[in-house]
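The values are calculated or read from the model by the stated rules, or taken from the named source; none is laboratory data. These numbers come from a predicted model, not from an experiment. Cβ atoms come from the backbone with ideal geometry, glycine included; neighbour counts cover every protein chain shown. The accessibility values were calculated without ligands, DNA or RNA, using every heavy atom of the protein model including side chains. Shrake-Rupley method; radii C 1.70, N 1.55, O 1.52, S 1.80 Å.
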Amino acid sequence: MSEFLDDEWIASWIGRGSAPGPTAVVQVVVTGTDLADDGKWYVRLDDGVVADAAAGVVAAPDLTLTVPYPDGAAMAAGDLDPSVAFMQGRMKTAGDPGLVLDVLAGAAQAR
């Protein structure tokens, strides 16, 4: 069984989502982890479907989502909707503001 933020969990995102949707690269930063890279991973969306997902940092993402570990784990478990975390200020964003709601809605459906 994979655990939140391990390589198997990140790879399990590949193929999730549904078209039509955004095409973008999204960097995710989960703060407050004991991981050396502070829980950094990314997904590449192709028309709303995750085409690639990996640990690490990607150059020039279209959108960056930053969330504390407890909230990220709650989202991964399905206990916290990503859009709610954003609206409550528990998730910070940087990059293309036009992508935020599309990506968050897709993430909620892809869990």
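Quick look at the values:
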item	result
Estimated dipole of the chain in Debye, rounded to 20 [Cβ of Lys and Arg +1, of Asp and Glu -1, Cα centre]	260
Inter-label distance, nm, simple model (7 Å from Cα along the C-beta direction), Ala54/Leu101	3.3
Exposure rank, largest accessible area first [Asp34, Asp96; 1.4 Å]	Asp34, Asp96
DSSP beta bridges in the chain [antiparallel fraction, %, rounded to 5]	75
Per residue convex hull volume, Cα atoms of the chain, in Å³	91
Percent carbon-and-sulfur accessible area, the chain, ignoring ligands, DNA and RNA, probe 1.4 Å	55
Estimated [θ] at 222 nm from DSSP helical runs (n ≥ 4, -39500 (n - 2.57)) normalised by residues in the chain, nearest 500	-7500 deg cm²/dmol
Accessible surface ranking that places the most exposed of Lys40, Lys92 first, with a 1.4 angstrom probe	Lys92, Lys40
Per residue accessible area of segment 15-56, 1.4 Å probe, in Å²	46
